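Colleague: Submitted below is the structure of interest, expressed as structure tokens.
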Amino acid sequence: MSVNTKIKALTPPDITEMKGKEPIVCLTAYTTPIARMIDEHTDLVLVGDSVGMVMHGMPNTLGVTMDMMILHGKAVRRGLKRPLLVMDMPFGSYEKSKEQAFENAAILMRETECGAVKLEGGQVMAETIRYLVDRGIPVMAHIGLTPQSVNVFGGYKTQGKGDDSKRIMDDAISVQEAGAFSVVCEKMPDPLARKVTKKLDIPTVGIGASVYCDGQILVIDDMLGMFTDFKPKFVKRFANLGEQVQEMAKEYADEVKSRKFPTPDHVYDYAGEE
Ligand code: KIV
């Protein structure tokens, strides 16, 4: 008799079901080792188009391509067992028509074996979301600050302040009605994110929004403090790896220059003279 020890991966309906029961833990990942490290502690892992900025030094997410997403998606897939894998649709891969969106979402699902895709936009994307969901592609929506529209917004500004809150609420309702299984709410006032969370039946996943969203997501490199110059203000940092890497690189350089590295132990090892 064989015992099936395979861990069951979470599905989009599992994530939707978590609303009102337990907070949903989400993180981005771009590589196999990081995916392996966070697997046990996350419910949903997003290969975000933030990959362009954090891994490739791009100034924004607009230059990210389908090929980049597929490469990183495959890498993350290899490291995940339990969390739902969601792939971001890059700028220019879904806005032109619902048919274009289906073609590219299907490629992402086929190539990376993800369980869902994410795309940015509220009311304007409702028809596309409905089209994808009706054809077997689960969609996570993304409203509020949608970074692919940085040039329209004139920067990474908080969305939904004052009278603009109605637009965000309408976006939230329309992506739910279109069939999204959850929605990322990025950089909006706390009371608005709470209102949206209360209004919707699908889970909200906040980033710079409210602690009362149904879940939270962070860009993994922001969580780790893995950067040298850009320091996102609205996310909590759990470590300062960027500074540590720089310190260790300096320590290593000092050792090499003063001929302290490799140590004598290493030299004996290499020469087989233990
Ligand atoms: O690209 C990304 O990493 C994202 C998250 C910030 C939600 O969209």
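Colleague: Kirkwood hydrodynamic radius, the chain, all distinct C-alpha pairs: what's the number in Å?
Modeller: 19.9 Å
Colleague: Got a sec? How would 140, 109 order by Cβ neighbour count within 10 Å, fewest to most? Write down the numbers at each step before the final one.
Modeller: Working: 140 29, 109 19.
Ascending number of Cβ neighbours within 10 Å: 109, 140.
Colleague: Towards the positive end of the charge dipole of the chain, with charges on Cβ (+1 Lys, Arg; -1 Asp, Glu), say which of 27, 86, 128 has the farthest Cα.
Modeller: 128
Colleague: With +1 on each Lys and Arg Cβ and -1 on each Asp and Glu Cβ, how big is the dipole of segment 59-159 about its Cα centre, in debye rounded to the nearest 20?
Modeller: 380 debye
Colleague: What is the local net charge at residue 253, summed over the other residues whose Cβ is closer than 12 Å to its Cβ (Lys, Arg +1; Asp, Glu -1)?
Modeller: Values: positive: 250, 257, 260; negative: 247, 251, 254, 255.
Result for the local shell: -1.
Colleague: In whole Hz, what ³J(HN,Hα) sequence does segment 167-177 give by Karplus (6.51, -1.76, 1.60; θ = phi - 60°), x for Gly and Pro?
Modeller: So the J values, rounded to whole Hz, are 4, 5, 4, 4, 4, 4, 5, 5, 6, 5, 4.
Colleague: Still on this structure, please answer the following. Taking 22 Å as the cut-off for C-alpha to C-alpha distance, list the pairs among 81/195; 19/195; 21/98; 161/233; 6/74 that go past it.
Modeller: In this structure, 81/195; 21/98 exceed 22 Å between Cα atoms.
Colleague: Let me ask something else about it. Tell me what the chain gives for mean residue ellipticity at 222 nm when only DSSP H runs of n ≥ 4 count, each as -39,500 (n - 2.57), the sum divided by the residue total, rounded to 500 deg cm²/dmol.
Modeller: When only DSSP H runs of four or more count, the value is -11500 deg cm²/dmol.
Colleague: What is the local net charge at residue 224, summed over the other residues whose Cβ is closer than 12 Å to its Cβ (Lys, Arg +1; Asp, Glu -1)?
Modeller: With Lys, Arg at +1 and Asp, Glu at -1, the neighbours total -1.
Colleague: Related question: Suppose every Lys and Arg Cβ carries +1 and every Asp and Glu Cβ carries -1, with no other charges. What dipole size does segment 12-224 come out with about its Cα centre, to the nearest 20 debye?
Modeller: Dipole of segment 12-224, to the nearest 20 debye: 160 debye.
Colleague: Same structure again: Can you compute the charge dipole magnitude of segment 1-103 about its Cα centre, using +1 on each Lys and Arg Cβ and -1 on each Asp and Glu Cβ, nothing else charged? Give it in debye, rounded to the nearest 20.
Modeller: 380 debye
Colleague: Let me check against my output: what whole-number percent is the relative contact order of segment 144-250, with C-alpha pairs under 8 Å and at least 6 apart?
Modeller: Relative contact order, segment 144-250: 17 percent.
Colleague: Order these peptides, 13-25, 89-101, 146-158, by their mean beta-carbon neighbour count within 10 angstrom, highest first.
Modeller: Highest mean packing first, the order is 89-101, 13-25, 146-158.
Colleague: Restricting attention to segment 225-264, which trypsin sites (Lys or Arg not before Pro) occupy a DSSP loop and are surrounded by at most 13 other Cβ atoms within 10 Å?
Modeller: Filter output for segment 225-264: 233, 236, 259, 260.
Colleague: Taking the Cβ of each residue in 169, 37 as the centre, tally the other Cβ atoms inside 10 Å and list the residues starting with the fewest.
Modeller: 37, 169
Colleague: Work through the residues other than residue 74 whose Cβ is under 12 Å from its Cβ and net out their charges, Lys, Arg +1 and Asp, Glu -1.
Modeller: Net charge around residue 74: 0.
Every number in this text was worked out from the coordinates using simple rules, so none of it is lab data. Since the structure is predicted, the reported quantities are computational estimates derived from the model, not experimental observations. Reconstructed Cβ throughout: ideal geometry from the backbone, glycine too, with neighbour counts over all protein chains shown.
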